[in-house]
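A.B. asks: For reference, the structure I am asking about is given below.
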Amino acid sequence: MNDARNSRGTAEVVSTHSVFGAPCWVSLTSRDLEATQDFYSAVLGWRWRPAKLGDRFRVALAQSVPVAGIAAVASMWQMAVAWTPYFAVPSADEAVARVQERGGTTAVGPLSLPPGRAALLADRDGATFGIWEGELISHWETWRRAAPTFIRLHTRDAFDAAMFYGEVLDWAKDRPGHCEVRYEGGEVVLRSGGDVVARIESGALEAAPDPTIRPHWQVHFAVADVDGCMRAAELHGGSVLSKGSDEAVLRDPDGAQFTVTSRHER
């Protein structure tokens, strides 16, 4: 996917029509805004700016690039503390209708959030995700490289989930901007412009669905020092849930899980 640029080489606002079905943002619902900011500043080196939505909201910055949103509304709105990926769609209303037609549910929206519209949804196995209709952040390609390396859906049946999201988000359409879907190494792999932006896994694709899995989207943040993130998480009230050779699953003090992945892994 090439950056949308004008004749002087500066980034322009990117329409969701340029990246059909691709992840375009990640947002965290939390309880304590200040504690959340302190934790992610220590672990991921983020800085913060106010968001237009009010005092309970912040935008995280990595080297001045907006990379994520924080909403301290979990208690007020009785929502789970969790990271949620948002996917770009040309029509929020149409995407919501497709979700409902295919057995998914709508939690919130669509809501008007200028310069666009958003909705919070769940697939038919209960994994939560969001959709966004409208302009993307102006440096969308920069965001994609500065923020999550990719997102991964842990689910009971990868093939069934791929069919659901493919129909809702128009994956694998033979038109410019649409995402490419392949089955590689037992996973469903989603690419946008050649880059891996999402994976869906449930064990071997030919295996029976695993009833023990609680379906959820896991956000993977690219970092330079996985071990340093682990130490910072534990020092600031979080925990390390698992550690691999190039990544670690962490939990923040509020309970939200995320993964830190070495920058050279995808």
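The values are calculated or read from the model by the stated rules, or taken from the named source; none is laboratory data. Note that the structure is a prediction, hence the values are computed from the model and not measured. Heads up, the Cβs are rebuilt from the backbone with ideal geometry, glycines too, and the neighbour counts pull from every protein chain shown.
A.B. asks: Within segment 160-176, is even one residue part of a strand (DSSP E or B) and either within 14 Å of the chain's Cα centre (by Cα) or at pLDDT below 90 (or both)?
C.D. replies: So far as segment 160-176 goes, no, none of its residues is part of a strand (DSSP E or B) and either within 14 Å of the chain's Cα centre (by Cα) or at pLDDT below 90 (or both).
A.B. asks: Which members of segment 78-102 meet the condition of being touching a residue at least 60 places away in the same chain (Cβ under 8 Å) and farther than 30 Å from Arg31 by Cβ?
C.D. replies: Pro90, Arg98, Arg102
A.B. asks: Turning to a different aspect of this structure: Filter segment 115-128 down to the residues that are in contact (Cβ under 8 Å) with a residue 60 or more places away in the chain and of a type outside the set (Gly, Ala, Ser), then identify the one that is surrounded by the most Cβ atoms within 10 Å (Cβ to Cβ).
C.D. replies: So, considering only residues that are in contact (Cβ under 8 Å) with a residue 60 or more places away in the chain and of a type outside the set (Gly, Ala, Ser), the one surrounded by the most Cβ atoms within 10 Å (Cβ to Cβ) is Asp123.
A.B. asks: Using the structure shown, decide if Trp132 is within 15 Å of Ser27 (Cβ to Cβ) and at pLDDT 90 or above.
C.D. replies: Yes: the conditions hold for Trp132.
A.B. asks: Would you please name the residue that is surrounded by the most Cβ atoms within 10 Å (Cβ to Cβ), looking only at residues in segment 177-236 that are among the β-branched types (Val, Ile, Thr), over 25 Å from Gln63 (Cα atoms) and at pLDDT 85 or above?
C.D. replies: Looking at residues that are among the β-branched types (Val, Ile, Thr), over 25 Å from Gln63 (Cα atoms) and at pLDDT 85 or above, I get Ile200.
A.B. asks: Can you name the residue in segment 35-58 that is in a helix (DSSP H, G or I) and without any contact (Cβ under 8 Å) to a residue 60 or more places away in the chain and, of all such residues, is surrounded by the fewest Cβ atoms within 10 Å (Cβ to Cβ)?
C.D. replies: Initial filter on segment 35-58 (in a helix (DSSP H, G or I)): 35-44.
If we keep only those that are without any contact (Cβ under 8 Å) to a residue 60 or more places away in the chain as well, we get 37, 41.
Working: Gln37: 18, Ser41: 15.
Looking at residues that are in a helix (DSSP H, G or I) and without any contact (Cβ under 8 Å) to a residue 60 or more places away in the chain, I get Ser41.
A.B. asks: Considering only residues of segment 248-266 that are modelled with pLDDT under 95 and either over 23 Å from Gln37 (Cβ atoms) or β-branched (Val, Ile, Thr) (or both), which is surrounded by the most Cβ atoms within 10 Å (Cβ to Cβ)?
C.D. replies: It comes out as Thr261.
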